[in-house]
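The block underneath contains the structure these notes are about, expressed in structure tokens.
The values are calculated or read from the model by the stated rules, or taken from the named source; none is laboratory data. Not measured: the values here are computed from a predicted model. Quick reminder, even Gly has a Cβ in these numbers, built from the backbone with ideal geometry, and neighbours come from all protein chains shown. Heads up: the accessible areas ignore ligands, DNA and RNA and are worked out on the full protein's heavy atoms, side chains in. Shrake-Rupley method; radii C 1.70, N 1.55, O 1.52, S 1.80 Å.
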Protein chains: 2
Amino acid sequence: MTASGPSFEIRTPEGEDRERRVCGQCGFIDYVNPKIVAGAVVADDLGRILICRRAIAPRTGFWTLPAGYMEEGESVEAAARREAREEACADIELDALLGVYSIPRISQVQIFFRARLKSEIAPGPESQEVRLCAFEDIPRATLAFPSVHWALDDWMAARGQPAPVPVMRTQNPGDQPY
Amino acid sequence: MTASGPSFEIRTPEGEDRERRVCGQCGFIDYVNPKIVAGAVVADDLGRILICRRAIAPRTGFWTLPAGYMEEGESVEAAARREAREEACADIELDALLGVYSIPRISQVQIFFRARLKSEIAPGPESQEVRLCAFEDIPRATLAFPSVHWALDDWMAARGQPAPVPVMRTQNPGDQPY
Ligand SMILES: [Zn+2]
Ligand SMILES: [Zn+2]
């Protein structure tokens, strides 16, 4: 195995109508697809929200909700449950779809659920700290991403509704991701 | 450029916890992400639904709704509009989120909107034929995918509702894609 690493160039593959990253070494075409993030606003029986302080880039040290990239062969719900387990050692039960957030600037679609906490919590490898926090005490000034604000706002707007209408949000392509 | 084509092997890259496709020639790691499909149930002023007969694999000759893979840097809504334009030369106006369909077997998340037709229609390069069809006349026996049935059912259930609750559906991992 040479494993020198791929050397990508930007060109339009034959028969296509747009530029792609193509490896000059082996001809591999890197179809960069938008990525799906699954996450949850998790509340305990007291209505406190599970938040995690990020131990990894981007936005290390900032607070976020349990969320992350879907893996191949996984359902959106399974991905949201796995992320809560990985980031906060939390066992959760999904309750309703809260929102679908389209963020073209970073080619992401984020899908957030409302969930109930069914276990103790503890920081996983990607979290410096995890906390159960009353809604009004959430550190809004140090949240990692705009979508964390959106999910929290959509959770609050849906409170008490057994079947909330999920919110479709699209970030302006010019907006900052943080 | 040698462009012999990548030669992938399945192994666990250093520092990771799961197997990936890695090119033995150049070391490129192919992170296979779930793909996002955006689509729409498009109705004209008479309530007829826009359907397209597929000119491409898979399911050539079967009927589908305008839908396709999101491109990088695109919003979900823009992708749904683009697909209607590409497949049926249709200008559409999105009205509400209808459903989010998770299909782990083929690693897809499909996002369907309700939309209004704002133009004439004509087959694009990926369609053999396009048609405006009363709901009860839709050729249910020759629809291309289960998600086409879901989107049609969710459209019918949402009829007359200005703000329908989008349906979250997850296909059983063992189910057939057709
Ligand atoms: Zn290569
Ligand atoms: Zn290669």
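Is it the case that the stretch B:140-157 has a residue that's touching a helix residue (DSSP H, G or I) at 6+ places or on another chain (Cβ under 8 Å), outside any helix (DSSP H, G or I) and assigned by TED's automatic domain parsing to the domain that holds residue B:115? Yes - at least one qualifying residue is present in the stretch B:140-157. When residue A:59 is tested against the conditions (1) modelled with pLDDT of 95 or more; (2) away from chain B (no Cβ under 14 Å); (3) surrounded by 14 or more Cβ atoms within 10 Å (Cβ to Cβ), the lone failure is (1). Listed by first and then second residue, the pairs with beta-carbon distance under 7 Å, at least 6 apart or on different chains, first residue in the stretch A:142-157 and acidic (Asp, Glu), second open to solvent by 20 Å² or more (accessible area, probe 1.4 Å), are A:154/A:167. When residue A:175 is tested against (1) under 20 Å from residue A:47 (Cα atoms); (2) not assigned by TED's automatic domain parsing to the domain that holds residue A:60, just one condition goes unmet, and that condition is (1).
In the set B:120, B:136, only one residue is of a type outside the set (Gly, Ala, Ser), over 18 Å from the mean Cα position of the chain (by Cα), assigned by TED's automatic domain parsing to the domain that holds residue B:49 and not in a helix (DSSP H, G or I); that residue is B:120. Applying the set (1) touching a residue at least 24 places away in the same chain (Cβ under 8 Å); (2) more than 16 Å from ligand 2 (Cβ to nearest atom) to residue B:32 leaves exactly one unmet item: (2). Across the stretch B:96-133, the number of residues qualifying as over 23 Å from residue A:34 (Cα atoms) and open to solvent by 20 Å² or more (accessible area, probe 1.4 Å) comes to 14. Filtering the stretch B:1-48 to residues that are more than 12 Å from ligand 1 (Cβ to nearest atom), closer than 23 Å to residue A:70 by Cα and outside any strand (DSSP E or B) leaves B:12, B:13, B:14, B:15, B:16, B:17, B:18, B:19, B:31, B:32, B:33, B:34. For residue B:38, the conditions (1) modelled with pLDDT of 85 or more; (2) under 17 Å from residue A:22 (Cβ atoms) are fulfilled apart from (2).
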